[in-house]
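Worksheet for the structure shown next.
The values are calculated or read from the model by the stated rules, or taken from the named source; none is laboratory data. None of the values given here were measured: they were computed from a predicted structure. Here Cβ is always computed from backbone atoms with ideal geometry, including for glycine, and neighbour counts include all displayed protein chains. Quick note on the areas: whole protein, heavy atoms, side chains included, nothing else; ligands and nucleic acids left out. Shrake-Rupley method; radii C 1.70, N 1.55, O 1.52, S 1.80 Å.
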Amino acid sequence: MSFPTRRLRRLRTSEKMRELVQETRLSPSDLICPIFVQEDIKTRIKIESMPSIERLPLDDVTDEVGTISDLGIPAIMLFGIPSNKDETGSSAFDDNGIVQKAISQVRENFGDKIVIMADTCLCQFTSTGHCGVISNNKVDNDASLELLAKTAVSQAKAGMDTSSPSAMMDGQVAAIRNALDDEGFSDVSIMSHAAKHRSNFYSPFRDAAACAPEFGDRKTYQMPYTNAREAMMEVETDINEGVDIVMIKPALSYLDLISETRRRFNIPVAAYSVSGEYALVKAASQLGYVNENEVTDEILSSIKRAGADMIVTYFAKSAAKFMQES
Ligand SMILES: [Zn+2]
């Protein structure tokens with residue numbers, strides 16, 4: 001059947017008609033809101049390359065989570081900026097570390113009213129800024145696994161719901177799963193950065209989390225953005241290691257991978273819309289070239305349409321706000 005019998009415009013005749021046939025609907029419950037918490041600061045620090053995003057002192061975390069929760073966002077993702085960095089990133093797995101303190105504060109104040117996810121990595125905590133420990137000038141995969149596992153266990157002790165390993169070390173999901181189970185945290189889930197690419201869209205985040213590598217780059221562990229089959233192998237490997245949610249990162253330039261992951265695997269799929277994606281929209285909207293909320297709605301809808309069940313985004317609060325208003 002084709003024109004003139006088939007007229008697709010019939011279902012676009014009014015707002016209500018369009019609403020009726022809308023296939024993808026965004027909701028605040030699709031979103032995960034990142035939070036940066038910094039040790040030993042008293043007031044919030046603005047992040048220049050990410051307008052409206054701030055590093056919070058520990059004392060502000062409860063307020064922030066209250067705002068997020070009131071907007072109907074079900075989950076937060078905690079990142080910590082410690083005062084002390086060393087070669088092994090030991091403050092990442094310190095039971096009194098900044099992330100652990102933030103987790104227990106949120107757990108204490110919100111119970112199970114919000115899902116507490118935490119980034120499980122070493123790069124904010126190592127003096128080298130790398131996601132693992134260095135031996136012989138290289139990031140040592142297997143030595144890093146033990147530290148990542150210790151970090152996850154320490155975060156679980158503080159009350160974390162979901163560990164989000166982002167180091168891209170081979171075997172990190174299995175190492176964390178085994179350690180969590182051994183320590184009695186079999187209910188703590190894992191959302192891995194399964195296919196995390198060595199992306200140029202991360203640069204504002206390094207401002208936010210103070211974790212640029214001191215030497216070299218992350219090309220020996222993060223994925224090249226040219227390889228889709230390899231990305232599927234990363235996802236499959238994490239599933240075989242017992243992951244609960246797989247994440248594709250970044251999101252907007254990687255919609256094909258989100259869609260392919262959704263098609264191939266029966267597992268929840270997350271997408272991380274990263275700092276550079278945020279910064280581009282912010283910069284263009286500040287110049288008056290695009291409308292921030294309209295473009296954000298389109299970007300988040302596209303990520304969901306591609307197959308993401310949940311989206312980590314720096315627009316979480318502003319998007320939840322415009323969704324509530326519309
Ligand atoms: Zn890292």
Exercise for the section: Starting from residues that are assigned to a helix (DSSP H, G or I) and in contact (Cβ under 8 Å) with a residue 40 or more places away in the chain, keep the ones in the range 308-326 and report whichever is nearest to A271 (Cα to Cα). Expected result: A316
Exercise for the section: Return the only residue of E108, E87 being within 16 Å of the ligand (Cβ to nearest atom), open to solvent by 40 Å² or more (accessible area, probe 1.4 Å) and over 22 Å from the mean Cα position of the chain (by Cα). Expected result: E87
Fill in the blank from the handout: Checked the range 107-131 for anything in contact with a Leu (Cβ under 8 Å, 6 or more places away or on another chain) and more than 13 Å from F93 (Cα to Cα); matches are I116, M117, H130, C131
Exercise for the section: Keeping to the range 151-174, report how many residues are more than 15 Å from the ligand (Cβ to nearest atom) and out of contact with any Ser or Thr (no Cβ under 6 Å at 6 or more places or on another chain). Expected result: 8
Fill in the blank from the handout: Of the residues in the range 1-29, those that are closer than 30 Å to L71 by Cα, open to solvent by 80 Å² or more (accessible area, probe 1.4 Å) and touching a Lys or Arg at 6+ places or on another chain (Cβ under 7 Å) come to R18
Problem - strands (runs of 3 or more DSSP E) lying entirely in the range 1-106 (those with 2 or more residues that are under 16 Å from A158 (Cα atoms)) - result: 75-81
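One line per residue, one yes/no per condition, for (1) more than 16 Å from the ligand (Cβ to nearest atom); (2) open to solvent by 40 Å² or more (accessible area, probe 1.4 Å):
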position: S91; (1), (2): no, no
position: I114; (1), (2): yes, no
position: D119; (1), (2): no, no
position: T128; (1), (2): no, no
position: D140; (1), (2): no, yes
Completion exercise
The condition of being over 23 Å from M117 (Cβ atoms) and of a type in the set (S, T, Y) holds, among S318, S285, only for S285
Completion exercise
Within the range 283-305, the residues that are touching a residue at least 24 places away in the same chain (Cβ under 8 Å) and open to solvent by 20 Å² or more (accessible area, probe 1.4 Å) are Q286, E292, N293, D297, I299, S301, K304, R305
Handout entry: Pair list, Cβ under 6 Å, 6 or more apart: the range 38-67 residue at positive phi, other residue not in a helix (DSSP H, G or I)
Key = D40/S83
Handout entry: Residue pairs meeting the criteria (Cβ under 7 Å; at least 6 apart or on separate chains; first small (G, A, S), in the range 121-132; second near the ligand (Cβ under 8 Å from one of its atoms))
Key = G129/C123; G129/C211; G132/L122; G132/A167
